[in-house]
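Report on the following structure.
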Amino acid sequence: MPEPPEGEADLRTLARRYEVAERGIRDLLARAPSAADRGSLLKAALLLIVALRKLDARTPIRTAYLHEHRFGDPEAVADLAGVLHQKLDDGAQRASVGARRAFRMATEDNLEELELEAVTAHEQPDGRRWSLGHWAGMQIATSGRQSTSRGFADNVGEGGGFVVQGTKCVLCRTLFDGVKVVGRDRLPPGHPGCDCLAVRV
């Protein structure tokens, strides 16, 4: 597996902020069944979520792009930055709704069930729920790699050759095997959370 690009360091820091907030919410909820004042615990949990909603997800996306294409236009990834910002904000809003319900209903008997409710950022059609830290981490990693790849492609230019490192899953080995060409072949990520990296031939 290749080392993650330096340009994505701010994105990894951003993802950690969501993980820390999720742990904080879970810790606060664990105290709710025996607390005399659940309202203050809920308020503290909601403040963690509000702080997440104020974080800047756009600048780290631009940074990842510019790390690969120093003279590029940071607006070349405005779409990626906007989509990431919206997904993270939607996830935080979903978690705040779940937290309100969980803190209100928490008992010793249902605490384990409500723990995920309090931090759910996304629910798939099949019912699988993503916690705030995992959802944000996957979205951030995927958007970051898209930005890195776009910067790489813009820097190398159409027709430039590249190979992909880190193709550890079957899908990525199928997508990225051999020498590829910018403008003709797909660049990483091959799937959500993919850590494959394009490098010059």
Using alpha carbon positions and the Kirkwood radius, the Rg to Rh ratio of the range 57-116 is 1.32
Computed ³J(HN,Hα) along the range 35-49: with the Karplus parameters 6.51/-1.76/1.60, θ = phi - 60°, integer Hz and x for glycine or proline, the list is 7, 6, 10, 5, x, 6, 5, 4, 4, 5, 5, 5, 5, 4, 5
Averaged per residue, the 1.4 Å probe accessible area of the chain, protein heavy atoms only, in Å², is roughly 52 Å²
For VAL201, placing the label point 7 angstrom along Cα-to-beta-carbon and taking the range 138-169, residues whose amide nitrogen sits under 11 Å are 159-163
With Cα coordinates, the longest principal axis of the chain makes an angle with the long axis of helix 132-156, in degrees rounded to 10, of 20 degrees
Fraction of alpha-carbon pairs in the range 121-201 farther than 21 Å apart, rounded to whole percent, equals 35 percent
With a 1.4 angstrom probe the carbon and sulfur portion of accessible area for the chain, in percent, totals 51 percent
Other residues with Cβ under 12 Å from the Cβ of ASP37 give, with Lys and Arg +1 and Asp and Glu -1, a net charge of +3
Output for the range 58-118: chymotrypsin sites (Phe, Trp or Tyr not before Pro) sitting in coil per DSSP, at most 10 other Cβ within 10 Å, listed by number, reads PHE71
The chain: relative contact order from alpha carbon pairs under 8 Å, six or more residues apart, as a whole percent, is 26 percent
With only helices counted (DSSP H, runs n ≥ 4, each -39500 (n - 2.57)), the per-residue ellipticity at 222 nm for the chain, to the nearest 500, works out to -20000 deg cm²/dmol
Residues other than LEU47 with Cβ under 11 Å of its Cβ, Lys/Arg counted +1 and Asp/Glu -1, net out at +3
With x for Gly and Pro, the residue-by-residue ³J(HN,Hα) of the range 72-85, computed from phi through the Karplus equation 6.51 cos²θ - 1.76 cosθ + 1.60 at θ = phi - 60° and given in whole Hz, is x, 8, x, 6, 5, 10, 4, 5, 4, 4, x, 5, 4, 4
Phi-derived 3J(HN,Hα) across the range 20-32 with the Karplus relation (6.51, -1.76, 1.60, θ = phi - 60°), rounded Hz, x for Gly and Pro, is 5, 4, 4, 4, x, 5, 4, 5, 5, 5, 4, 8, 4
Lys pairs in the chain with Cα under 24 Å (8 or more apart in sequence, or on separate chains) total 4
Residues meeting the amide H criterion for ALA121 (H placed from the backbone, H to H distance under 5 Å, 5 or more places apart or on another chain) are TRP130, SER131, LEU132
Taking Cα atoms, the helix 58-68 axis meets the longest principal axis of the chain at an angle in degrees (rounded to 10) of 30 degrees
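The values are calculated or read from the model by the stated rules, or taken from the named source; none is laboratory data. Bear in mind that the values here come from a model prediction, so they are computed numbers and not experimental data. Cβ coordinates were reconstructed from backbone atoms using ideal geometry, including for glycine residues, and neighbour counts include every protein chain displayed. The protein model used for the area step is the full one, side chains on, heavy atoms only, and it has no ligands, DNA or RNA in it. Shrake-Rupley method; radii C 1.70, N 1.55, O 1.52, S 1.80 Å.
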